[in-house]
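For reference, the structure is listed below as structure tokens.
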Amino acid sequence: MDLLRFAVRRLVSAVVVLFAVSVLTFLIFEAIPNGNPALRLAGRTATPADIAAVSKAYGFNKPLYVQYLKTMDQIFTGRIESYTQHVTVFSQIERGFPITLGLSLGAAVMWLIMAVILGVVGALRAGKASDTAITSLSFLGISAPSFVVGALLLYVLAYKLGWFPNGGYVGPSSSIPSWFHHMVLPWFTLSILYVGVYAQILRSNVLDTLSEDYVRTARAKGLSRSRVMVRHVLRTSLIPIVSLFGLDFAALVGGSTIIVESVFNLNGIGQYVAMSIGELDIPPVLVATLFGAFFVVLLNAVVDVAYATLDPRIKVGAS
Amino acid sequence: MTLTPGPELTEIGSVVRHDDGALLLPGAEEATVGVGPYQLAWRRLRRNRSALIFGGLFILIVVACLLAPVYADHIAHTGPNVNHISEVITVGGHQKDVVSLTGTPIGPTWHSHFFFGADANGRDVAVRLLYGGRNSLEISALATIITIGIGTIVALVAGYFGGWADNVLSRLLDLIWAYPVLLLGVALGVSLSISGLDLGLFTLKGGSDIVPALIIGVVYIPYVARPIRGEVLSLRNREFVDAARALGAGRLRIMFSEILHRPATGPVHHPGGLPLLPRSRGAGAQLVVGDHAAERGVAARDRPPPDRGAGRDAGAGRAVGQHRGRRPAPGPRPPGPGDHQVTARLPTTAGDR
């Protein structure tokens, strides 16, 4: 019952957050110099009269709230079109989303597995050579920009050695092995960014948890080392990791995969959003922002439920 | 008091493993009583060789960037914005054009002049890198202070009080995180860089470094606040918090003294965590806002050009993004000083912090 109340409350606040995001995004175009979409719709050599005519035709001369309501109506009925490309925004998102989702999911699996292994090993071997090596590698991974890592991987593994295709995308529906083959390098490149941060946080948290009384109690009860590690130490140590994962994954799915997408020539949401922002194209920016916001709200709710599962001291929706 | 770790001592639970990696026998924890959180942190840092090495590297970079004018005046003998496009220099006895007739700039010479080569305008890349680095460091430092300061307070309040305070603050964090950073960078970066901001009490000059620092700082608050809030949720029900409450400690004291400074599990003591997060993510955002606020048409005119962030020059050298080339202006553009075209170019540095 607690969970149901929590879900309902989160749903209500999700609507509020999404509404606020949409209004703020809409308003920001007012703040940007040259943010008026009529400037772009009218073309490069337009006269002020042309711009006025376009403004009238599209309703840009109406009060802001009327424009907002009209835009939101078009979004909810799925008819909304890009101002620069004149295709429906949803068709573009439908095309790009599977790519971005696949990229983010694969990378997430990779970086979580690597981070848990490196973090736990680093903590158990704290102060030893292997720990120093892991920490150094983590710092390197955190510091390495993905356009460098990606370009290097492409150059060496794809261009020189020919082990992987040189960018591009093949959907899993046409060929799963080929999809996998195309995605391995992007996954790895994207995961490099996160492994270091996650591994270091986990390492220090595991170190802290190892000295807790309940860990000693669990050992004294006769539980095996690995069982104590997984059931007692790792569980509570994962809390900050889970928080970060919610934020990172939501951001990636919402389109911040842009660099990896452009390095590997994957036409996902990230490229679409970046291009739309570059062209100050309101409809795709608005839809993509709402889309991303949805994932942020959803994943953070999941994270809060996960807290309660990981640490029995935390109650779901406790006040 | 610290014992050499024998095999029987490394077992989880039978020994206490301390933060600095030292092992203590059960019952020997008393030995560390009296060691404050700062001492513990310092001890931990001293033991962490890789952190020391990378920390040293960082200090080296800071010093190098601070010495940028010295390098420019006494070694490279040129400024960050001096064009040498039509000049010829002698490298190892050979005469070379700084920028060839076909427009290719000279590569790294590994000499005092054009150590890292030149850019298309014949400017010394090494000099520009150092000057840009000053700006990047300044912005990042300021942004990090904002992120950690506000993020920690928000997290403590949300996590400790819970209820509606948590609900409101957490949804606010969702809102910030869901907001398109790139767009915010364009909008605030451009409009504030042009006109500045007058808040009555204090005013921001146009082109101030505070603008990008503020944007980056605020945008990454959730990344610091959410994990800390999660830990506070777990910590607030611990025995030591109950003990403090029983002793009559007030809420503020419990929040800022007990929970925040909890030596072992306190959220602020993630060695790889807090100091790194804003850095790792901030650097990307810095490119974004740097590209917009410092490089884009606007600022290139309004602020002295050496003030561009290092991120910008790094970006220019990147060949991977297909958006890098200058695009034709999409809208009609009345020429004039008041015209600040913001859509001319798209940085490929949006996400993937």
Rounded if a/c is under 1.5, else prolate if a/b beats b/c, else oblate: with a ≥ b ≥ c from the C-alpha gyration tensor eigenvalues square-rooted, which is segment A:171-262?
prolate
Could you list which residues have their amide H under 5 Å from that of A:GLU81, counting only those 5 or more apart in sequence or on another chain, with H placed in the peptide plane?
A:VAL89
Express the C-alpha Rg of segment A:59-143 as a ratio against the empirical globular expectation 2.2 N^0.38 Å, rounded to two decimals.
1.99
Can you list the equivalent-ellipsoid semi-axes of segment A:230-319, largest first and in whole Å, using the square root of 5 times each Cα gyration tensor eigenvalue?
34, 16, 7
Sorted by chain and then number, the residues having a modelled amide H within less than 5 Å of the amide H of B:VAL91, at least 5 places away or on another chain, are B:LYS96
Among A:VAL16, B:VAL232, rank each residue by its count of other Cβ atoms within 10 Å, from fewest to most, as a rough exposure measure.
A:VAL16, B:VAL232
Compactness of segment A:195-234, expressed as Rg and Dmax over alpha-carbon positions, Å:
11.0, 34
A convex hull over the alpha carbons of segment A:267-310 yields, per residue, a volume in Å³ of 67
Residue-by-residue Karplus 3J(HN,Hα) for segment B:63-77, coefficients 6.51, -1.76, 1.60, Hz, glycine and proline x:
4, 4, 5, 5, 8, 3, x, 5, 4, 4, 7, 9, 10, 7, 6
Report, as an integer, the average count of C-beta atoms from other chains found within 10 Å of each Cβ along A:125-138.
4
Residue order, fewest to most beta carbons within 10 Å, for A:ARG5, B:ARG229, B:ARG238
A:ARG5, B:ARG238, B:ARG229
GNM of chain A, Cα pairs under 10 angstrom: of A:THR77, A:THR209, A:THR309, the biggest fluctuation goes to A:THR77
Could you check the spin-label model distance between A:SER174 and A:ALA144? Points 7 Å from the Cα along Cα→Cβ, value in nm.
3.0
Restricting to Cα pairs below 8 Å that are 6+ residues apart, what does the relative contact order work out to for chain A? Please round to a whole percent.
25
What list do you get for A:ASP248, A:ASP213, B:ASP174, B:ASP124 if you sort them by fewest beta carbons within 10 Å?
A:ASP213, A:ASP248, B:ASP174, B:ASP124
With only Lys, Arg, Asp and Glu charged, each at its Cβ (+1 for the first two, -1 for the last two), find how big the charge dipole of segment A:1-147 is about the Cα centre; round to the nearest 20 debye.
120
Over all distinct alpha-carbon pairs, what is the Kirkwood Rh of segment B:43-83 in angstrom?
12.2
For a label point 7 angstrom out from the Cα of A:LEU105 toward its Cβ, which stretches of segment A:221-242 have the backbone nitrogen within less than 13 Å?
none
Provide the FRET efficiency to the nearest 0.05 for the A:TYR58-B:VAL168 pair, computing r from the beta carbons and using R0 = 51 Å.
0.90
Computed E for A:VAL302/B:GLN95 - FRET, C-beta separation, R0 60 angstrom, nearest 0.05
0.40
Remind me, relative contact order of segment B:69-113 in percent, using alpha carbon pairs under 8 angstrom and six or more residues apart?
29
With only alpha-carbon pairs counted, each pair once and no self-pairs, how large is the Kirkwood hydrodynamic radius of segment A:133-217 in angstroms?
15.2
Expected integer from the mean partner chain Cβ neighbour count at 10 Å over A:274-284 is 5
Using all C-alpha to C-alpha distances in segment B:58-103, build P(r) with 5 Å bins and read off the rounded percent in each one.
5, 18, 17, 19, 16, 12, 9, 3, 0
Take the alpha carbon atoms of chain A, find their radius of gyration, then divide it by 2.2 N^0.38 Å using N residues; give the quotient.
1.21
Scattering profile of segment A:29-101 from the Debye formula, Cα beads only, expressed as log10 I(q)/I(0) at q = 0.14 Å⁻¹, is -0.54
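We did not get these values from a lab; they are worked out from the coordinates using the rules stated. For clarity, every value in this text was computed on a predicted model and none was experimentally measured. For neighbour counting, all protein chains shown are included, and Cβ atoms are generated from backbone atoms with ideal geometry for every residue, glycine included.
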